[in-house]
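Peer 1: One structure follows; several queries about it will come next.
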Ligand code: DGJ
């Protein structure tokens, strides 16, 4: 049992293999987050009790007998606004009387095996009920009759748990949720660094680490998507912890819209983390009897450094988030037309790509943007999802038949959430875009965002997609999203529901993705947003892979892939070999191999020498598929620690095989470059494939190998493949 309730002590203990999380039901039903950290056996928390408030200006509740208690300094598990806690609280609900004091207290709970789905929301799931246990704590505000179910699921084998909240209006009047975080976690120290992922288009998910300060830290998006700029991920890293050792607490929100992750240090130097929908620009109106479901937050504890935190996220997401046929089935090796042709292609050109691709062993041709409406540039036709027969005479069927006849599968591009002002759809329905009446609509990439909060709009867009996907043999869809949301309004929502637009937009997108994946379970779906602008766990629930960045330069990709790997597995990281100039094909392949692997170039432009390298890469794709899709990642030399070179390993789960890759980001002249490998079995012996030398795992991990004589120029790289000697 991973969740226990100690009746006498009024304590819940949520244990994974490596961590414990303890909630106490204190006097008057206050719920206290008494502990989160390395696994502990005991449940006596008297020694860990909340800090004595004994300070001016922190109010106490007169009906609590323990006078050292104050909501302002206690580790409240899910603190409400306006009732004695002056820190950043997790929830605020404005009731019909007009005030937004919110005070949830314990009423009851239940514990059961398995994990329920969250209504309308993507979330981690249990493959079997034995895999996890769930605790639901029912809390209530006796003054307003607002209630909530605090949901916790423990994935015991992973060192991971999830939290989500369902708000219920049990009163007979309407109320407005002004903020509702998915999770709140208290620590009674501030001895942490905060690690997070920031970026921009073409440079997504850079890792940043800085000491936690007194006051308020917030990482967020208000762009309508999780965004290039901040990822919905953060970790608290105990001072002194690093990649390989020490305590790390990782947080990731399963959500694709506006999010907020806050870390607050109070005047007693305690830390509270809140993670959830960004309250900025959010209000949700609840009629009597209605409910609101938050997205899910994933919490991972590692006692073995940042690297182990990442591996836990990777295992959990590979097993309990990604779904469908392509979770386990080998994915076809693809070539995408975008960087090869942009908007300038026709049937013959695409078929010529497929012919050459076939020669080297590529298995699928993906036709990117430009196949529909009159789209010859990015200034029109989004929303007109019917084929451009000037480019593809005879239609899609002719093209697909010719591609299939070569033995290749076929994929297609969509941007369902957008509408071009120059489109038949917009001319027919100018109110179908996200807009505020009377206000200019900002334009970005010459397009507007379509109003996915509207059922009629979703029906039209999905209907158009379904028409194409049902009538042609399409094996893959790339779902793009190339701008953010401004002037956030909908023609249908009205005043009471106006501030629901951002969240309703996300729910609308989820609904269409859900229909798509249900109706076409064999289609491999890849998400994209101008590269990696919506690389989040919610998208992974629908699509097992996401295009990581429009930047395909192998050296630039290093930082992007290292950052992405903080919580997202290699199996999800869309990575292609392109014609980018800075490195040779070998290095491009070595970098893309740490991802889904594919090509993004005109294969007719490859030289005979390139073709030989590509053929070898295609063979390697198959050879290393199990390692890249199911292996454990070890970041050996991080680009944020070393500006000369970066190195990583993928190790098979049974530790019988390991692929090591090193890339020089700059010329590195040194005759002694020792690499101490990791993640091997100390007692096993491994053969280094290239020269047949045999080393023990203990030697490789402790003494290491001098790899200095291997290539050292800028953009040079090499791999080492170790296989267990039986
Ligand atoms: C942005 C994507 O990231 C690219 O790969 C490509 O699909 C373009 N959009 C097409 O407009």
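The values are calculated or read from the model by the stated rules, or taken from the named source; none is laboratory data. Treat the numbers as computed from the prediction; the structure is a model and nothing was measured. Counting neighbours? That spans all protein chains shown, and the Cβs are built from the backbone with ideal geometry, glycine included.
Peer 1: Please go through the range 475-499 and pick out each residue that is buried (at least 21 other Cβ atoms within 10 Å of the Cβ), touching a strand residue (DSSP E or B) at 6+ places or on another chain (Cβ under 6 Å) and not in a strand (DSSP E or B).
Peer 2: The answer is 475, 481, 483, 485.
Peer 1: Filter the range 23-49 for residues that are part of a strand (DSSP E or B) and without any contact (Cβ under 8 Å) to a residue 24 or more places away in the chain and give the result.
Peer 2: 24, 35
Peer 1: Could you run through the range 323-376 and say how many residues are within 16 Å of the ligand (Cβ to nearest atom) and not in a strand (DSSP E or B)?
Peer 2: 19
Peer 1: From the list 58, 20, which one is surrounded by 15 or more Cβ atoms within 10 Å (Cβ to Cβ) and modelled with pLDDT of 90 or more?
Peer 2: Residue meeting the stated conditions: 20.
Okay, residues lined up against (1) over 19 Å from residue 319 (Cα atoms); (2) within 15 Å of the ligand (Cβ to nearest atom); (3) in contact with a strand residue (DSSP E or B) (Cβ under 6 Å, 6 or more places away or on another chain):
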position	(1), (2), (3)
569	no, no, no
573	no, yes, no
588	yes, no, yes
599	yes, yes, yes
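Peer 1: Can you name the residue in the range 544-556 that is surrounded by 22 or more Cβ atoms within 10 Å (Cβ to Cβ) and within 14 Å of the ligand (Cβ to nearest atom) and, of all such residues, is nearest to residue 713 (Cα to Cα)?
Peer 2: So the residue we want is 552.
Peer 1: Okay, moving on. Here are 379, 404: which of them is on the phi < 0 side of the Ramachandran plot and either within 16 Å of the ligand (Cβ to nearest atom) or under 33 Å from the mean Cα position of the chain (by Cα) (or both)?
Peer 2: None of the other options fit; the residue is 379.
Peer 1: Follow-up question, since we're still on this one. Farther than 19 Å from residue 321 by Cβ, more than 16 Å from the ligand (Cβ to nearest atom) and touching a helix residue (DSSP H, G or I) at 6+ places or on another chain (Cβ under 6 Å): which single residue out of 520, 502 fits that description?
Peer 2: 520
Peer 1: Further question on the same structure: Restricting to the range 233-278, name every residue that is over 14 Å from residue 185 (Cα atoms) and either surrounded by fewer than 20 Cβ atoms within 10 Å (Cβ to Cβ) or modelled with pLDDT under 95 (or both).
Peer 2: Within the range 233-278, 238, 239, 240, 242, 244, 245, 246, 267, 268, 269 qualify.
Peer 1: Considering (1) within 14 Å of residue 372 (Cα to Cα); (2) more than 16 Å from the ligand (Cβ to nearest atom), say which one residue 385 fails and leave the rest.
Peer 2: (2)
Peer 1: Residue by residue through the range 514-539, note down the ones that are outside any strand (DSSP E or B) and buried (at least 24 other Cβ atoms within 10 Å of the Cβ).
Peer 2: 528, 533, 534, 535, 536, 537, 538, 539 - these are the residues of the range 514-539 that are outside any strand (DSSP E or B) and buried (at least 24 other Cβ atoms within 10 Å of the Cβ).
Peer 1: Something else about it: Just a yes or no: is a residue in the range 322-343 touching a strand residue (DSSP E or B) at 6+ places or on another chain (Cβ under 7 Å), farther than 25 Å from residue 561 by Cα, surrounded by 21 or more Cβ atoms within 10 Å (Cβ to Cβ) and modelled with pLDDT of 95 or more?
Peer 2: Scanning the range 322-343, I find no residue that is touching a strand residue (DSSP E or B) at 6+ places or on another chain (Cβ under 7 Å), farther than 25 Å from residue 561 by Cα, surrounded by 21 or more Cβ atoms within 10 Å (Cβ to Cβ) and modelled with pLDDT of 95 or more, so the answer is no.
Peer 1: Next question, about the same structure. Looking at the structure I just gave you, is residue 463 more than 16 Å from the ligand (Cβ to nearest atom), modelled with pLDDT of 95 or more and not in a helix (DSSP H, G or I)?
Peer 2: Here the answer is no, as residue 463 does not meet what is asked.
Peer 1: Residues of the range 414-431 being assigned to a loop (DSSP other than H, G, I, E, B), touching a strand residue (DSSP E or B) at 6+ places or on another chain (Cβ under 7 Å) and more than 16 Å from the ligand (Cβ to nearest atom), which ones?
Peer 2: Selection gives 421 alone.
Peer 1: Which one of 307, 383 is in contact with a strand residue (DSSP E or B) (Cβ under 7 Å, 6 or more places away or on another chain), in contact (Cβ under 8 Å) with a residue 60 or more places away in the chain, surrounded by 22 or more Cβ atoms within 10 Å (Cβ to Cβ) and over 28 Å from residue 218 (Cβ atoms)?
Peer 2: 383 is the lone residue from the list that is in contact with a strand residue (DSSP E or B) (Cβ under 7 Å, 6 or more places away or on another chain), in contact (Cβ under 8 Å) with a residue 60 or more places away in the chain, surrounded by 22 or more Cβ atoms within 10 Å (Cβ to Cβ) and over 28 Å from residue 218 (Cβ atoms).
Peer 1: Also: Restrict the check to the range 292-301 and report whether at least one residue is closer than 20 Å to residue 151 by Cβ, at pLDDT 95 or above and in a loop (DSSP other than H, G, I, E, B).
Peer 2: Checking the range 292-301: at least one residue is closer than 20 Å to residue 151 by Cβ, at pLDDT 95 or above and in a loop (DSSP other than H, G, I, E, B).
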